[in-house]
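A.B. asks: Below you'll find the structure I mean.
The values are calculated or read from the model by the stated rules, or taken from the named source; none is laboratory data. In this text the structure is predicted, and so the values were computed from the model without any measurement. Please note: Cβ atoms are built from the backbone with ideal geometry, for glycine as well, and neighbour counts cover all protein chains shown.
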Amino acid sequence: MANASAKHLVEACAHLAGRTDERDAERKLNGWSVRDWRTALLDVPLDERAYADRFLVDRVVEIERLWTWWTAPEPDGRVTPETAGYLGLFLLTLISMHRSDRMRYHGDAYEAVAIANQSTDALCTVLVADPRVQDAIKRLYAPPPQKDRKAASVWGRVDFSTMAFHRGGTTSFILTVDTVPQPGVRTSRYALKCLIYPYLRNPAIVKATSDYDRAFGGERDGDSPLVAVWASHDSWIIMEFLEGATLADKLREVAKGRKDPKSELLRPVDIEQLRVLGPLLLNAMAALAKEVGHHNDLTPSNIIVQEENGAPVRMKLIDLGVNFLHTRTLVGAESRESVYIAPEVKASGVGGDLADLYSVGMVLIAIGGIPHSAPGTVPDQFYVASVGLARLLEDLVDADPEQRLAVSGIDPGRGRFAEIRDLFACEIEVLEAAEKERPKTPYERLKHLLPGVKAVNRQRDIWKVRRRQAERIDERAHPMRAHHLRQARGLKRWAFACALISWATLALILTWWSRDLDFFWQAKWVEYANGLLNRSEDQGILFLDDIRAADYPIPDAWDNLPVRIVAVSYAIPGLRLYMNVFADMTPRSALRRRGWRGVRTAAASFMMRGAAIYPSVYILLPTLVQRKWWFLFSPLGVITVATLITACLWFALDANARARAWDGGKGLSTVPKGEIMTLQRLVSWQPTAWLYAVPVVIIGIFLYNDRLQDELMYAIMIALINIGIQTFKNTGTDAPYVRAGLTRAILAAERLDVLEQRAAKRKAPKPRADEPVKEAEAVG
């Protein structure tokens, strides 16, 4: 029929809804052929505004009125069942377009889109269950046998009476169908992805749909992460139907059980979900890389999580290929899942192996339960949780594809995801070891304020894990990973020693205090030690009492009280400063730095490692040797802390500045533009520390020279400042911020080392055949 168009279709629907007196509208529709219906559906405007401008009716109003007609208790008999089926498909098309528009233009969640006080899924479910609509879909989407025999053959095996609605997509709706029962043949269940008819006007979408079988088709075994694709045509794809929820659905369900933290930075990384789901994702990606190469549209909605006995056992990957919404082939606002798509895919529409690295990193961040930050960056919570995990994620989500896998030592070849999985498993193993001793109840958190045995055990457990990992790795095959493991193992060994020394320091302070108060002086360990060494009780403890100054009596509860108060008030924040901020980080890199960069690195590294030792030294000397020395070591400790802060900022601010200036100002995406709020916490410490040092130094000098007499009052004042500012604020609430800011700067400097070395190699002239090639100088 020559006059078949969307306009005629809308006019007929208006009459059906009782809005016009056009008597022959139904008769015209009843006379339309399949070709006429295809022409009319192709003519439907894609977006809501164009629909309203062309037909002078709001599309949602049209849907509601047509739905009212469809659900009327008694059909009026003016249209044939065949025409009613086509009208039902037209209604299904409008609903699918409306949902797509709401998600693309307005950012609505899939489940939030509703019409006529019902979810769009509920409306579509009713429509697709109607045999008339099923028959209309069969006719309208049928491929011509002469054009595509395979597609026509598969289409002929579909039992359309089993058709049911599954879910909607951006440009499609997805149905489930069974095959026609045959003697001796097991019935198969298919997923039928049908393009929304007006999108058939887009040649790129049609070609991608038609070529899907050729690109990703074929049977798959049970271990394959890919879905078996049976056939594809211009307007549909038939593939194996997978049982299971999408990863997006699962992550939403898990999020419902989480409590919001008081501060977003304190949101814990979900180690359990990373441990369970992370390896499944990387296993699937490793198999996909071997079978077809790359995905290019890896988002949680395109990942099916399959379970057995209530536990996830595998992931299946669906909807391979570039999504036209992300590449702006389709207009509209970026969808919520566009954050998972690599920048180069969104910019050019061309994907590849390196693009999937970006998507994997972003999906792992989502699995960890942390909201995404700016594209190409890792959220601060991962820097707080683990330096190693943050480094791996940075190496995946760098906005520049050429800068991915720069520092992790992973070969970007086809085996990359297997290597990523192994490295990821190592970092999760460390996180689990750390979590085992982490305080969980308010009472445990209160005990955690004191340097105790749990701090020692925690560092020892992590060190053991790192030692086992270092023993398993082949240093020749993976030199960069081996360096990072040696570095991490060394840091944990140092942290374990720090925890042990700090615990012993506090134990000695409390023992000396108990001696002053004549409490528990007959401690068994003292009694056994003196008995073993044949010393009398009056002679005291070997060496420890021998080095005590003659004018430093014990017991002397009142005169020794100031040194005891100050010692305790420095011991607690001293351990917490190292453990909560510096324990897992070092500014040193695998590549040697020269000039001022080397000086900054050495200064920051020396001060960071010194933070594990100097508190105990400054505390034990006045405690064990001369109580009057606290006048000197107290200001010395404040000056050392101020110097430590200055050295760290000197390094971090320079690293961030160089990261932003990299590549002609393009910069590293892993370092956010503008002010980094986490590092600003450390910046705010600097003037406070130096201002605090001035009066402490002056008062200390006056006390030492007997110019001031209120020794106890000044000791209490210093203790209150140490407890209030150092223990609860600086090494407590501020510590995660400082840790995140410093770690980000350290990893940026490390990344720059590798990238600058690569750039230098590209610019260097090729050596002549008779000249030896100089290897890059590196430190172990």
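Here is a yes/no grid of residues against (1) modelled with pLDDT of 90 or more; (2) assigned to a helix (DSSP H, G or I); (3) of a type in the set (Phe, Trp, Tyr); (4) on the phi > 0 side of the Ramachandran plot:
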| position | (1), (2), (3), (4) |
| --- | --- |
| Trp558 | yes, no, yes, no |
| Val563 | yes, yes, no, no |
| Ala567 | yes, yes, no, no |
| Arg588 | yes, no, no, no |
| Phe606 | yes, yes, yes, no |
| Phe631 | no, yes, yes, no |
| Val641 | yes, yes, no, no |
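A.B. asks: State whether the residues of the range 112-128 include one that is assigned to a helix (DSSP H, G or I), in contact with a Lys or Arg (Cβ under 8 Å, 6 or more places away or on another chain), over 26 Å from Thr80 (Cβ atoms) and modelled with pLDDT of 90 or more.
C.D. replies: yes
A.B. asks: List every residue pair whose Cβ atoms lie under 6 Å apart, where the two residues are 6 or more positions apart in sequence or sit on different chains, the first residue falls within the range 700-717 and is assigned by TED's automatic domain parsing to the domain that holds Val563, and the second residue, located anywhere, is surrounded by 13 or more Cβ atoms within 10 Å (Cβ to Cβ) and in a loop (DSSP other than H, G, I, E, B).
C.D. replies: Phe702/Leu708
A.B. asks: Given the options Asp270, Asp297, Asp223, name the one that is more than 19 Å from the chain's Cα centre (by Cα) and either touching a residue at least 12 places away in the same chain (Cβ under 8 Å) or within 21 Å of Asp356 (Cβ to Cβ) (or both).
C.D. replies: Asp223
A.B. asks: Then there is this: Taking the condition surrounded by fewer than 20 Cβ atoms within 10 Å (Cβ to Cβ) and either in the same structural domain as Ala590 (by TED's automatic domain parsing) or in contact with a helix residue (DSSP H, G or I) (Cβ under 6 Å, 6 or more places away or on another chain) (or both), does Leu485 pass?
C.D. replies: no
A.B. asks: Which is under 30 Å from Ala759 (Cβ atoms) and either surrounded by fewer than 20 Cβ atoms within 10 Å (Cβ to Cβ) or in contact with a Gly (Cβ under 7 Å, 6 or more places away or on another chain) (or both), of Leu712, Leu679?
C.D. replies: Leu679
A.B. asks: Here is a further query. Taking the residues in the range 620-640 that are among the hydrophobic types (A, V, I, L, M, F, W, C) and closer than 18 Å to Met717 by Cα as candidates, determine which candidate is surrounded by the most Cβ atoms within 10 Å (Cβ to Cβ).
C.D. replies: For the range 620-640, the residue satisfying everything is Trp630.
The rows are residues; the columns are (1) of a type in the set (S, T, N, Q); (2) touching a residue at least 60 places away in the same chain (Cβ under 8 Å); (3) touching a strand residue (DSSP E or B) at 6+ places or on another chain (Cβ under 7 Å); (4) at positive phi.
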residue: Leu42; (1), (2), (3), (4): no, yes, no, no
residue: Trp70; (1), (2), (3), (4): no, no, no, no
residue: Thr83; (1), (2), (3), (4): yes, no, no, no
residue: Met97; (1), (2), (3), (4): no, yes, no, no
residue: Asp101; (1), (2), (3), (4): no, yes, no, no
residue: Tyr105; (1), (2), (3), (4): no, yes, no, no
residue: Ala114; (1), (2), (3), (4): no, no, no, no
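A.B. asks: Additional query: Looking only at residues in the range 649-693 that are of a type in the set (Ser, Thr, Tyr) and assigned to a helix (DSSP H, G or I), which one is nearest to Asp380 (Cα to Cα)?
C.D. replies: Thr678
A.B. asks: Scan the range 515-556 for residues that are closer than 16 Å to Thr623 by Cβ, of a type in the set (Gly, Ala, Ser) and at pLDDT 70 or above and jot them down.
C.D. replies: Ala549
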